[in-house]
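Here is the structure we will look at.
What follows draws every value from the coordinates through simple rules; no lab data is involved. Note that the coordinates shown come from a computational prediction; the quantities given were computed from them, not determined experimentally. Here the Cβ positions follow ideal geometry from the backbone for every residue, glycine too, while neighbour counts run over all protein chains shown.
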């Protein structure tokens, strides 16, 4: 928040992991609602989530070669 304090509204795009909906995070987001907004990806949208691409590569290149 300090690093981008002069840049206006900050938008963070995230998946629907339970951690992003935790009560503690909701309290924090409420306090900084004029500076930070989370935008949630639609459910079941692996094509939009970069970590899903990473896990696909790991499974294809690393895990399948281990067994």
Of the residues in region 1-41, how many are touching a strand residue (DSSP E or B) at 6+ places or on another chain (Cβ under 8 Å), part of a loop (DSSP other than H, G, I, E, B) and farther than 20 Å from residue 52 by Cβ? 4
What are the residue pairs meeting all of these: first residue in region 20-34, first residue more than 18 Å from residue 4 (Cα to Cα), second residue part of a helix (DSSP H, G or I), Cβ atoms under 9 Å, and 6 or more apart or on different chains? 25/19
Residue under question is residue 61, and the condition is that it be surrounded by fewer than 10 Cβ atoms within 10 Å (Cβ to Cβ), out of contact with any helix residue (DSSP H, G or I) (no Cβ under 8 Å at 6 or more places or on another chain) and not in a helix (DSSP H, G or I); does it hold? no
